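**Q** Quick one: this structure, given as structure tokens, is what I'll be asking you about.
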Amino acid sequence: MPSAVIRRFSYDEPHRRLRVVFTSGDVYDYETVPPDVVEDFRAAPSKGRFFGPNIRDRYPYRRVEKALRAG
């Protein structure tokens, strides 16, 4: 799953919770995501292009972990 934006994701089907880990290190949980949307996400050739219009801002979300920035 190479992506310039998304490092990895996992899905908790019983709770319909999609966890997305971004390449920045930020981790977000998206709630009430239907299984068919997750399957389409898995199958998408570009995870970032699918994520934008199909998941981001379409489902309630919360940041689970903020990336630690060196500096």
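The values are calculated or read from the model by the stated rules, or taken from the named source; none is laboratory data. Predicted model only: the values in this text are computed from it and were never measured. No Cβ is skipped: glycine too gets one built from the backbone with ideal geometry, and neighbour counts run over all protein chains shown.
**Q** Counting just the residues of the stretch 43-59 that are in a helix (DSSP H, G or I) and touching a residue at least 24 places away in the same chain (Cβ under 8 Å), which one comes out nearest to the chain's Cα centre (by Cα)?
**A** From the stretch 43-59, those in a helix (DSSP H, G or I) are 43, 47-54; that's our starting set.
With touching a residue at least 24 places away in the same chain (Cβ under 8 Å) added as a condition, the list becomes 47-48, 51.
Working: Lys47: 9, Gly48: 9, Phe51: 7 Å.
That would be Phe51.
**Q** Next question. Among the residues of the stretch 14-44, how many are more than 19 Å from Arg62 (Cβ to Cβ) and at pLDDT 95 or above?
**A** Step one: of the stretch 14-44, the residues more than 19 Å from Arg62 (Cβ to Cβ) are 23, 35-36, 39-40, 42-44.
Applying the additional criterion that residues be at pLDDT 95 or above yields 35-36, 39-40, 42-44.
Of the residues in that region, 7 qualify.
**Q** Something else about it: Listed residues Asp12, Asp26; which is surrounded by fewer than 15 Cβ atoms within 10 Å (Cβ to Cβ), free of Cβ contacts under 8 Å to residues at least 60 places away in the same chain and in contact with a Lys or Arg (Cβ under 7 Å, 6 or more places away or on another chain)?
**A** Of Asp12, Asp26, the one residue that is surrounded by fewer than 15 Cβ atoms within 10 Å (Cβ to Cβ), free of Cβ contacts under 8 Å to residues at least 60 places away in the same chain and in contact with a Lys or Arg (Cβ under 7 Å, 6 or more places away or on another chain) is Asp26.
**Q** Would you pick out the residues in the stretch 14-67 that are more than 20 Å from Ser3 (Cα to Cα) and of a type in the set (A, V, I, L, M)?
**A** Val33, Val64
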